[in-house]
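Readers should treat all values here as calculations from the given coordinates under stated rules, not as data from a laboratory. Fair warning: this is a prediction, and the values are worked out from it, not measured in the lab. Here the Cβ positions follow ideal geometry from the backbone for every residue, glycine too, while neighbour counts run over all protein chains shown.
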Amino acid sequence: MLIRVKLFAAMRDLTGDEVAKVELPDGATVGDLRRELGKQLPLARSLLLRSAIAVNHDVAEADRVLAPTDECAVIPPVSGG
Amino acid sequence: MFRLTRDAIDYHALTESARAPHCGAVVLFLGTVRDLTGEHVTAFLEYEAYAPMAEKKLAEIEAEARRRWPVGEIAIVHRLGRLEVGEVSVAVAVSCPHRAAAFDACRYVIDTLKELVPIWKKENAPDGTGEWVHQSAKPGAP
């Protein structure tokens, strides 16, 4: 399945793209997605380690199983306010 | 009530919207753009949000504040886009029957917003360089 992952702030600037497209086998988890993102986006790897992964607008644990319709995003440390 | 906006925040109107007949206390918090962070001079800030998630988290924060305190009204607005020094980036107005709860609830809302809501700021210096601020103790929104 193809998962589209939204990228924001420095994550987007480092990768030069607002969306990362990641091909994953059926049954893949958030942890699998994180590993694949690390391979695809080497320049953003250290920020990725400090970032959360959101699925459908909530932060997701590594063992969460992904569906092709899930909306995924990398959430770097936030700095609103 | 919560809102993300690219327009200047009318915090007088926002405060009025938080007033309620049974509430004897209204607390307003304003976050404003500071000219100096440590030794770094800020020329202007840019704010960006993951809007649908930010709105979901703001709704959860409002609901939790209402669960914990006898809140009459809550109004939360966060600005996005380019902000100059001195401009208001965020406003939180909370009314309660008495002041202690109003202060506590307002503090909870702004502290939790800063911890959990996916909004990011980029500090732009006078020399034209800019840097996203990603230094929260916790990664992202736990």
Report summary line: If we keep only residues of the stretch B:55-101 that are in a loop (DSSP other than H, G, I, E, B) and β-branched (V, I, T), then the residue surrounded by the most Cβ atoms within 10 Å (Cβ to Cβ) is B:V71
Query raised in the report: Considering A:V78, A:V74, A:V22, A:V55, which residue is over 24 Å from B:G81 (Cα atoms) and within 13 Å of chain B (Cβ to nearest Cβ)?
Result: A:V55
**Report entry** The listed residue being more than 21 Å from B:V117 (Cβ to Cβ) and in contact with a helix residue (DSSP H, G or I) (Cβ under 9 Å, 6 or more places away or on another chain), out of B:A91, B:A25, B:A100, B:A49
**Finding:** B:A25
Requested in this report: Name the single residue, out of those in the stretch B:42-54 being over 16 Å from B:E87 (Cβ atoms) and either in a helix (DSSP H, G or I) or among the small types (G, A, S) (or both), that is nearest to the other protein chains (Cβ to nearest Cβ).
Outcome: B:M53
Report task. Among residues belonging to the stretch B:12-41 that are within 13 Å of B:G86 (Cβ to Cβ) and more than 13 Å from chain A (Cβ to nearest Cβ), point out the one that is surrounded by the fewest Cβ atoms within 10 Å (Cβ to Cβ). Result -> B:L36
